[in-house]
Amino acid sequence: MNKKIVGIVVVVLVILGILGVVAVKSLNKTAVVEEAPTPTIVLPTVSENIKVLLTAKNENKVVDLKISGVPSDIETIEYELTYTTGSGLPRGVLGKIAAEGKSSITRNDIDLGTCSRGRCVYDTGVTEINLSLKFNSTSGNSSVFQKTYPL
């Protein structure tokens, strides 16, 4: 009788083991979820009447941004300057300018580096800057300007 009980226990354990393996395998299968790609919004470029000048100063540690021909309906201009330091580090500067109905806008002394509490650590070896401007109108429309400036 003991042999029968041991045999039944062994069979039950084998069956439970097989069921456990099947259950784990079915849990490990990941469902493939198809995601719709995020649509890319392509903004129109600015009018050719808008002129943009980026000038380096102080041994390429600071730049001035001058924009002329700004239409009267432009509310704000967002800017992004990206560059690579001489040691190969990618860096950037972001900002926003209120147009206030002005047709000519100047943003002086944009530091190429980090400043805190009146002390600046400037990036060195910068040879070119990629400038992106986003012009936001009062009607909610936007247009962009992009150009690479050698220093």
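The values are calculated or read from the model by the stated rules, or taken from the named source; none is laboratory data. Only a predicted model underlies this, so the values are computations on that prediction, with no experimental measurement involved. Cβ atoms come from the backbone with ideal geometry, glycine included; neighbour counts cover every protein chain shown. Surface areas here come from the heavy atoms of the whole protein model, side chains and all, with no ligands, DNA or RNA. Shrake-Rupley method; radii C 1.70, N 1.55, O 1.52, S 1.80 Å.
Residues Y149, Y122, ordered by accessible area of protein heavy atoms at a 1.4 angstrom probe radius and largest first, appear as Y122, Y149. Distance between the 7 Å Cα→Cβ label points at E35 and D111: 3.7 nm. A straight chain from K61 to V42 at 0.36 nm per residue would run longer than the Cα-Cα distance by 3.6 nm. Partner aspartates and glutamates whose Cα lies under 15 Å from the Cα of K96, excluding those fewer than 8 positions away in the same chain, are identified as D64, E75, E78, E80, D109, D111. For segment 62-151, the list of GluC sites (Glu not before Pro) that fall in a loop by DSSP and count at most 11 other C-beta atoms within 10 angstrom reads E100.
Is segment 29-117 rounded, prolate or oblate when judged by the Cα gyration tensor, a ≥ b ≥ c being the square roots of its eigenvalues, rounded requiring a/c under 1.5 and prolate requiring a/b larger than b/c? The shape class here is oblate. The modelled label-to-label distance between K51 and S87, using points 7 Å beyond Cα along the C-beta direction, is 3.9 nm. Once the C-beta distance of Y122 and T148 is scaled by a Förster radius of 22 Å, the resulting FRET efficiency is 0.60 to the nearest 0.05.
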